[in-house]
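The values are calculated or read from the model by the stated rules, or taken from the named source; none is laboratory data. On a predicted model such as this, the values are computed, not experimentally measured, just so you know. A quick note on method: Cβ atoms are made from the backbone with ideal geometry, for glycine too, and the neighbour counts reach across all protein chains shown. Each accessible area value is taken on the protein alone, full model and side chains, heavy atoms only, with ligands, DNA and RNA left out. Shrake-Rupley method; radii C 1.70, N 1.55, O 1.52, S 1.80 Å.
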Amino acid sequence: MDYIELSKDLTQTISEKPVTMFRASELPCCGEMNGLGEATFGLKMPGWVTDGPQMFRTQTGKLGMLWSTWGKERYLQAVCYSESGKISGPWVQEPEPFLANNSGHGMLFRTFEGELRYVVHHSEGNGPRKPQYWTVDDSGDKLVLGHQIIVPTNN
């Protein structure tokens, strides 16, 4: 996962080159695509995946990042925290997935009532990806995943 400094109007880069924050291979529960037997759009491509990042701060001010990658349970949501509180890190990965079981691209948001929620896409087997909603607690230095919120469907 890299970052690069942008101009205030976001039209150009300020830094000469991107800065690497961390590598997917540093996460113990992450795996290399070919080694896991995964394909992207039907293509076998070697490599590790860092995907779908969202930065956040807990209520204590701790800087964290949700990001997605591949692992033993297919797609997973990882979380890491900056020891310095800055984007430059160093970044420390939580050793276990924040949510596994073929889930990824999670985002935190607040409801109109101000409650923190987590939405993530999830797939059963090779079926279509559908959103799942979860409660989440950010009152400490780390996110704590709560319970899944079941949304009624009109089938």
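Which of the residues that make up segment 84-96 are part of a loop (DSSP other than H, G, I, E, B) and over 14 Å from ARG57 (Cβ atoms)?
SER88, GLY89, PRO90, GLU94, PRO95, GLU96
Mind checking which residues of segment 97-149 are of a type in the set (A, V, I, L, M, F, W, C), assigned to a strand (DSSP E or B) and without any contact (Cβ under 8 Å) to a residue 40 or more places away in the chain?
PHE109, LEU116, VAL119, TRP134, VAL136, VAL144, ILE149
Is one or more of the residues making up segment 84-98 over 11 Å from the mean Cα position of the chain (by Cα) and more than 29 Å from PRO18 (Cβ to Cβ)?
no
Filter segment 91-122 down to residues that are open to solvent by 50 Å² or more (accessible area, probe 1.4 Å) and on the phi < 0 side of the Ramachandran plot, then give me how many there are. Working first, answer last.
Quick first cut of segment 91-122, residues open to solvent by 50 Å² or more (accessible area, probe 1.4 Å) only: 92, 95-96, 101, 105, 107, 109-110, 112-113, 115.
From the residues that got through so far, the ones that are on the phi < 0 side of the Ramachandran plot too are 92, 95-96, 107, 109-110, 112-113, 115.
Residues that pass the stated criteria total 9.
For segment 53-88, name all the residues that are touching an Asp or Glu at 6+ places or on another chain (Cβ under 9 Å), modelled with pLDDT under 95 and surrounded by fewer than 20 Cβ atoms within 10 Å (Cβ to Cβ).
Correct list: ARG74 only.
Here are the criteria: (1) closer than 23 Å to SER139 by Cα; (2) assigned to a loop (DSSP other than H, G, I, E, B). Tell me which single one PHE22 does not satisfy.
Failing condition for PHE22: (1).
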